[in-house]
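Engineer: Okay, here's the structure, questions in a sec.
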Amino acid sequence: MASLRSALAAAAALPALTGCVQVTAPERPIEINLNINIRQEVVVRLQEDVRELIQQNPGVF
């Protein structure tokens, strides 16, 4: 009988031990900055274009 009482007491106390999880959104939006990669690609393309223009028109520069 004592084990039944202790089992019931443990079962009654179990909900009190469970925690509450709250998930909230951050105050500011998450910002991912990808400008560096795009800018490098544009610079490389411009360098290639300029190199081709100089080779095609050596007297201009």
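The values are calculated or read from the model by the stated rules, or taken from the named source; none is laboratory data. The structure displayed is predicted, hence computed values, not measured ones. So basically every Cβ, Gly included, is an ideal-geometry build from the backbone, and we count neighbours across all protein chains shown. Accessible surface areas use protein heavy atoms only, side chains included; no ligands, DNA or RNA. Shrake-Rupley method; radii C 1.70, N 1.55, O 1.52, S 1.80 Å.
Engineer: What are the residue pairs meeting all of these: first residue in the range 13-25, first residue among the polar types (S, T, N, Q), second residue modelled with pLDDT of 65 or more, Cβ atoms under 7 Å, and 6 or more apart or on different chains?
Structural biologist: Cβ pairs passing all conditions: none.
Engineer: Regarding the range 41-56, can at least one residue be identified that is open to solvent by 100 Å² or more (accessible area, probe 1.4 Å) and at pLDDT below 75?
Structural biologist: no
Engineer: Please determine, by comparing only the residues of the range 11-36 that are among the small types (G, A, S) and at pLDDT 70 or above, which one is surrounded by the most Cβ atoms within 10 Å (Cβ to Cβ).
Structural biologist: Pass one, the range 11-36, residues among the small types (G, A, S): 11-13, 16, 19, 25.
Checking the rest, the ones that are also at pLDDT 70 or above come to 19, 25.
Details: G19: 5, A25: 7.
That would be A25.
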